[in-house]
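Notes follow once the structure below has been shown.
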Amino acid sequence: MKSAPFEYARPTTLTEALDLLDRHGEDCKPLAGGQSLVPLLAMRLARPSLLVDLDRVPELRGFSAERVGAMATNAQLERRAGDLPPVIAAALPHIGHFQIRNRGTVGGSLAHLDPAGEWPALALLLEAELTVESKRLGRRTLSAGQFMRGPMTTALGADELLLSVSWPRWPAGARWAFAEVARRPGDFALAGAACTVIAGRTRAVVFAVGPLPQLAGDGDFEVTGDLHASAAYRREVGKRLLDRVMTQAAM
Amino acid sequence: MEQSLRVKVNGQAVKREVPPRLTLADFLRDRLRLTGTHLGCEHGVCGACTVLLDGDAVRACLLLAVQADGREVTTVEGMGEPGRLTPLQRAFLEHGAFQCGFCTPGFLATGEALLRSGRRLSRAELPDLLAGNLCRCTGYGPIVDAILEAAGSR
Amino acid sequence: MKAGSDAEELLVRGQGDFLADLHLDALEACFVRSPYPHARVQSISLPGGRGLTGAQLARLAGPLRVDGPGLKAVPWWPLAVEKVRFVGEAVAVVWAEDRYLAEDLADETEVDYEPIPAGPLHEEAPDGVLYESRREGGDFEAAFGRAARVLERTFKTARQTPLPLEARGVVARWDGAAGRLTVWTSTQVPNLVRTVLASSLQLAEGDVRVIVPVVGGGFGLKAHVFPEELAVAALARHLGRTVRWVEDRRENLLASAHAHEETVRLRLALDDQGHFLAVDAEVSCDVGAYSVFPFSASLEPVTTGQTLFGPYALEAFRLHASGLASSKCPAGAYRGVGMNAAAFATERMVDIAARELGLDPLELRRRNAIREFPTVTAAGRELDSGDYLGLLGRLDAPYRELRRQQAEARREGRLFGIGVGFFNEHSGTGASEYQTRGITTIPGVDSARVRVGEEGTIEIATGGADAGQGHAETYRLLAARELGVAAEKVVVFEGDTDACPPGSGTFVSRGAVGGLTALTEALREVAEKDLAPGLEVTRVVDPKQVFPSGAHLAAVEVDPLGLNPRVIRYLAVEDCGVVVNERAAEAQVRGGVAMGMGGVLLEEIRYSEDGQPLASTLLDYLVPLAPDVPEIEIEHQESPSPLTALGSKGVGEAGTIGAFAAVANAVADAVQAELNELPCSPDRIFHLRRS
């Protein structure tokens, strides 16, 4: 399981990075933490001719209570979990194992868009805005819903980079809950749900049950079956998790 | 085209030209002959390749060697010295925390990271923290015992 | 080759030399593998002359083949010659300076396949049956005639794979001047590898040397001789170079060896007192595309069939066992082999019978456990010794305590289940037994050589191979005891066919049977001769099977929301005869139980309808992690075997066999449903409770 050959660039500014993406487009892939990309390369399921390592691009780093740079790692967030909306802090320990979180980035998770991933669900739940940029279109902002097109499919053009994700300030008194079911700790969830109650308004999301995370306040959502769980299981357990988080958040 | 790589491995500065696709694991094993870091899956699940990167436990199979440029890597070979084992290594020996030994370097790296983190390790929580390392031989009990002992002796 | 306690320190320093760690200056080989389950290979276009096709390799190395009663002997060529029979079967081999470059060459190789949509895989087996046998013991008609009740159920175990953390690997070096082949391979069976290589490459056995490096787990997977070993050896001789192949995990999941895809249909005849009168068993195993070497397609049908209702007294027994071919990876040995499915099916049936009869499950077992030893069972097994009531008796108190906890848990609406796994198993199959079964591929003997060095060092060499069981520690302990020398003066060699006496390798837990008997006899002779310097004694033993046994108790809690089962308590009462090395024995039980938990709750390799494997990474093939395995309590009972020098029996597989029964019963008890198919996944539990 060794990657096919590729060239490697390590830009030190955002402009340089965007320039590379502009020139190489479909032939190149941005490299963030590598926790999702490197296995694909090793299995030769992805064969870019150029890897653009974003590690040294300062504009992608750092985070605050309402905005996380694409290259912030899950471990960095975990270390300052108290500064973030508590529903994020609750979700973080479920993301793989701590060794994966040491490298895996928020931007990487969102750009990879695994339907069982926690970050896409959180982005949808928190009504996040994703800032992307390319040389071709400049900087633009997408809602989570606009960003997520399908399983493993985002609205990102081949020449576009995800810069950051942000959400409204987490107000005092806001309530929340998060729950997921996985076969073993750290596995991708078989089903998951999360809920916020902000200024009297309830917002609930299910994830890992269908092709994308979905708003599910009315209890209705799309399900798919695969090797790990049938559609029927996901519908039932998704519903139970939804009930649980909505009950917990209401308390 | 090969890339220049400058990295500190087990305290020693190393400079090499490497192809970008060479993983850190293969760099350590094949270029530096540090074969203690083992390959069990090459897709980041089994943890046999766990090493410390600037003190953080990471999968060497999911890092390109070039990504370690300017950083410090610690492998199992960098633990202890000739004639002296670390408390964690000694605890592994005492508790029979390995049988075939293939997963052991990965567990030692994870264990070292946990011990250095200063976080309180309990019998109830430690197994969850070890979920990123697979062992097929021991049933894990002795590994948990060994790490707890090393934590207690700190 | 390991030698002494330094070996342990090497491992903890990361200095153990596993196959891929050896610096042997080799070319790296890579196999081109079929993406089709059943297809004709029309043509292969190899990049730049650095490859060989199946047809080319067939001139350099002969196929694997096992024959015997009930078997269809089908050849398994090192590389597919005319057609491929499972996804992952190798059709070509390429080589380069390193694996990265070799995979690039594999990528460039163009193979023209013509898929075969239907039809038998082997001409020799047009009905797909690779193995079939029938057996009957006792007066079957009479027993079923007397029955007050007949229970019938079908049980299914899932296709799994042993998954040692170190996958396979082999390095071969050809010395043209000496006409000698040296092979390093991560194997449990060095002598078998030598014999097969010699035969396949038409060399004298004396011209082949097999060396076993430090091995990162075997669990039965590495007890086979594989086509890749033949291919690499042939390639080394062909090129006059040293050639290496290191298996990656994807190959290991697709194309090494699988196990356990069995359907066991049982009919149990009982009288009105709950006594088991007779069993009618139909064991059907999906053995994949080829008959593995050396155990053949008969391995699981036979080992399951002969272990069913093992610890219970039966008047009569009837068995129809078969191994059926399919377009899947060939099935071979997985710790416990067919005994896992046998224990699962048997103990599930016993729990079901208990419920039907309104009897306590432990009581029903007590009522039917074999009481007298030695005895010959209706299935034809000669049980040497045991104390089965003693085993069950040890479960009494913890069992009643768990029932109390269960009552309380159920009042709280929790899904809390208790399962018993009561079993016996065979260990140490010898040459005579294999001959009786018509198996000629396994020598069946175990050997040990003890040499007294000039300075009083004791050198022990055996025909076994250590994959992590700690043989050296046990042998040194034994030598110290028998000879009165310090353990530090004892040096152990295993795994070099030039330096060690020939044996069968290590599988079917034979180390504690023939292995320790041979060693003990050799040590005693050395003791009798006063440890004369320069003295060398070799003993070769043809062991008779001896029968370890055990009674395991598992408590499982199933999360009512997600239906995820978790083992929260586990007690293994094991009887492996006289325990020689308690630490090593307990290590085997603990590891074995963890593996059995995986087999019941997590592990599965499914194939699609059209023969595509659906689990090709460790994200799909799940094995137990640290939080999945509770503390495993172990108690010993010793029923010495009269047939081994020390009274020891095997202990390497017991944990797995017992867990396949106890954990499955516990889950079924927790969800109060008949859970007769593995694995007990949340999804399966969900559907069971719905129906």
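The values are calculated or read from the model by the stated rules, or taken from the named source; none is laboratory data. No experiment lies behind these values; they were computed from the predicted model shown. When we count neighbours, we look across all protein chains shown, and the Cβ atoms used for this are built from the backbone with ideal geometry, even at glycine. Heads up: the accessible areas ignore ligands, DNA and RNA and are worked out on the full protein's heavy atoms, side chains in. Shrake-Rupley method; radii C 1.70, N 1.55, O 1.52, S 1.80 Å.
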query = Checking A:Leu41 against (1) over 28 Å from B:Glu2 (Cα atoms); (2) in contact with a Ser or Thr (Cβ under 8 Å, 6 or more places away or on another chain); (3) within 12 Å of chain B (Cβ to nearest Cβ), which test does it fail?
reply = (1)
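Looking at the stretch C:658-678, can you tell me whether even one residue there is assigned to a loop (DSSP other than H, G, I, E, B) and at pLDDT below 95?
no
Take the conditions crowded, with 24+ Cβ neighbours inside 10 Å, away from every other protein chain (no Cβ under 14 Å) and not basic (Lys, Arg) and apply them to C:Val508. Does it pass?
Values: crowded, with 24+ Cβ neighbours inside 10 Å: yes; away from every other protein chain (no Cβ under 14 Å): yes; not basic (Lys, Arg): yes.
In short, yes.
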inquiry  = Just checking, does the stretch A:210-225 include any residue being within 14 Å of another protein chain (Cβ to nearest Cβ) and under 19 Å from the mean Cα position of the chain (by Cα)?
reply    = no
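Given C:Leu201, C:Leu192, C:Leu151, which one is surrounded by fewer than 19 Cβ atoms within 10 Å (Cβ to Cβ) and modelled with pLDDT of 95 or more? Steps first, please.
Details: C:Leu201 fails: surrounded by fewer than 19 Cβ atoms within 10 Å (Cβ to Cβ); C:Leu192 fails: surrounded by fewer than 19 Cβ atoms within 10 Å (Cβ to Cβ).
Every option except C:Leu151 fails the conditions.
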query = For A:Ala191, are the conditions met, namely being over 26 Å from A:Met71 (Cα atoms) and more than 14 Å from chain C (Cβ to nearest Cβ)?
reply = no
task = Please enumerate the residues belonging to the stretch A:198-212 that are among the hydrophobic types (A, V, I, L, M, F, W, C) and either modelled with pLDDT under 95 or not in a strand (DSSP E or B) (or both).
result = A:Ala199, A:Ala208, A:Val209, A:Leu212
remark   = Among C:Ala587, C:Ala615, C:Ala572, the single one that is outside any strand (DSSP E or B) and either buried (at least 24 other Cβ atoms within 10 Å of the Cβ) or more than 14 Å from chain B (Cβ to nearest Cβ) (or both) is C:Ala587
remark   = Selection over the stretch C:479-489 where residues are touching a strand residue (DSSP E or B) at 6+ places or on another chain (Cβ under 9 Å) and surrounded by fewer than 23 Cβ atoms within 10 Å (Cβ to Cβ) yields a count of 4
request  = Give the stretch A:213-244 a look and list any residue that's part of a loop (DSSP other than H, G, I, E, B) and in contact with a helix residue (DSSP H, G or I) (Cβ under 7 Å, 6 or more places away or on another chain), or say none.
outcome  = A:Pro213, A:Ala216, A:Gly219, A:Phe221, A:Val223, A:Thr224, A:Gly225, A:Ala229, A:Ser230
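Going by the conditions given, is C:Val558 of a type outside the set (Phe, Trp, Tyr), assigned by TED's automatic domain parsing to the domain that holds C:Tyr475, open to solvent by less than 10 Å² (accessible area, probe 1.4 Å) and at pLDDT 95 or above?
Values: of a type outside the set (Phe, Trp, Tyr): yes; assigned by TED's automatic domain parsing to the domain that holds C:Tyr475: no; open to solvent by less than 10 Å² (accessible area, probe 1.4 Å): yes; at pLDDT 95 or above: yes.
Spelling it out, it is not the case that C:Val558 is of a type outside the set (Phe, Trp, Tyr), assigned by TED's automatic domain parsing to the domain that holds C:Tyr475, open to solvent by less than 10 Å² (accessible area, probe 1.4 Å) and at pLDDT 95 or above.
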ask   = Hey, does the stretch C:144-157 have a residue that's of a type in the set (Val, Ile, Thr) and either within 14 Å of chain B (Cβ to nearest Cβ) or under 28 Å from the mean Cα position of the chain (by Cα) (or both)?
value = yes
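Against the definition (surrounded by fewer than 24 Cβ atoms within 10 Å (Cβ to Cβ) and either within 30 Å of C:Gly393 (Cβ to Cβ) or within 14 Å of another protein chain (Cβ to nearest Cβ) (or both)), how does C:Lys529 come out, yes or no? Before you say what the answer is, go through the steps one by one.
Numbers: surrounded by fewer than 24 Cβ atoms within 10 Å (Cβ to Cβ): yes; either within 30 Å of C:Gly393 (Cβ to Cβ) or within 14 Å of another protein chain (Cβ to nearest Cβ) (or both): no.
Against the criterion (surrounded by fewer than 24 Cβ atoms within 10 Å (Cβ to Cβ) and either within 30 Å of C:Gly393 (Cβ to Cβ) or within 14 Å of another protein chain (Cβ to nearest Cβ) (or both)), C:Lys529 does not qualify.
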request  = For the stretch C:323-356, enumerate the residues that are over 14 Å from the mean Cα position of the chain (by Cα) and under 28 Å from C:Glu228 (Cβ atoms).
outcome  = C:Gly323, C:Leu324, C:Ala325, C:Ser326, C:Ser327, C:Lys328, C:Cys329
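Kindly indicate which of C:Ile632, C:Ile685 is touching a strand residue (DSSP E or B) at 6+ places or on another chain (Cβ under 6 Å) and open to solvent by less than 40 Å² (accessible area, probe 1.4 Å).
Working: C:Ile685 fails: touching a strand residue (DSSP E or B) at 6+ places or on another chain (Cβ under 6 Å).
Only one candidate passes the filter, namely C:Ile632.
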request  = Filter the helices (runs of 4 or more DSSP H) completely within the stretch A:1-117 down to those with at least 1 residues that are in contact with a His (Cβ under 7 Å, 6 or more places away or on another chain), modelled with pLDDT of 95 or more and surrounded by 21 or more Cβ atoms within 10 Å (Cβ to Cβ).
outcome  = A:37-42
message = Considering only residues that are of a type in the set (A, V, I, L, M, F, W, C) and open to solvent by 10 Å² or more (accessible area, probe 1.4 Å), which ones fall in the stretch B:32-52?
response = B:Leu32, B:Leu34, B:Leu39, B:Val45
ask   = Looking at the stretch C:277-300, which of its residues are farther than 20 Å from C:Glu604 by Cβ, open to solvent by less than 10 Å² (accessible area, probe 1.4 Å) and over 16 Å from the mean Cα position of the chain (by Cα)?
value = C:Leu277, C:Ala278, C:Val279, C:Ala281, C:Tyr290
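Do we find a residue being among the basic types (Lys, Arg) and over 20 Å from the mean Cα position of the chain (by Cα) anywhere in the stretch C:438-453? First the steps, then the outcome.
From the stretch C:438-453, those among the basic types (Lys, Arg) are C:449, C:451; that's our starting set.
Subset that is over 20 Å from the mean Cα position of the chain (by Cα): C:449, C:451.
Yes, the conditions are met somewhere in the stretch C:438-453.
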task = Can you give me the number of residues within the stretch A:10-36 that are facing chain B (nearest Cβ under 9 Å) and touching a strand residue (DSSP E or B) at 6+ places or on another chain (Cβ under 6 Å)?
result = 3
task = State all residues of the stretch C:360-387 that are farther than 16 Å from C:Phe276 by Cα, outside any strand (DSSP E or B) and either hydrophobic (A, V, I, L, M, F, W, C) or under 25 Å from the mean Cα position of the chain (by Cα) (or both); if no residue qualifies, say none.
result = C:Phe373, C:Gly380, C:Arg381, C:Asp384, C:Ser385, C:Gly386
request  = Evaluate the following for B:Gly106: is it touching a Lys or Arg at 6+ places or on another chain (Cβ under 6 Å), under 22 Å from C:Gly169 (Cβ atoms) and modelled with pLDDT of 95 or more?
outcome  = no
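Of all strands (runs of 3 or more DSSP E) completely enclosed by the stretch C:134-231, which ones contain at least 3 residues that are of a type in the set (D, E, K, R) and not assigned by TED's automatic domain parsing to the domain that holds C:Ala343? Walk me through it before giving the result.
Working: elements: C:149-157, C:169-175, C:180-185, C:208-211.
Where strands (runs of 3 or more DSSP E) fall fully within the stretch C:134-231 and carry at least 3 residues being of a type in the set (D, E, K, R) and not assigned by TED's automatic domain parsing to the domain that holds C:Ala343, they are C:149-157.
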Matching residues in the stretch C:365-381 - criterion: being among the charged types (D, E, K, R) and in contact with a helix residue (DSSP H, G or I) (Cβ under 9 Å, 6 or more places away or on another chain) = C:Arg365, C:Arg366, C:Arg371, C:Arg381
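So, restricting to helices (runs of 4 or more DSSP H) that lie completely within the stretch C:1-112, which ones have at least 1 residues that are under 27 Å from the mean Cα position of the chain (by Cα), under 30 Å from C:Ile460 (Cβ atoms) and not assigned by TED's automatic domain parsing to the domain that holds C:Val302?
Filter on the stretch C:1-112 gives C:6-12.
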remark   = Note on the stretch C:77-92: residues surrounded by fewer than 22 Cβ atoms within 10 Å (Cβ to Cβ) and of a type in the set (Asp, Glu) are C:Glu82
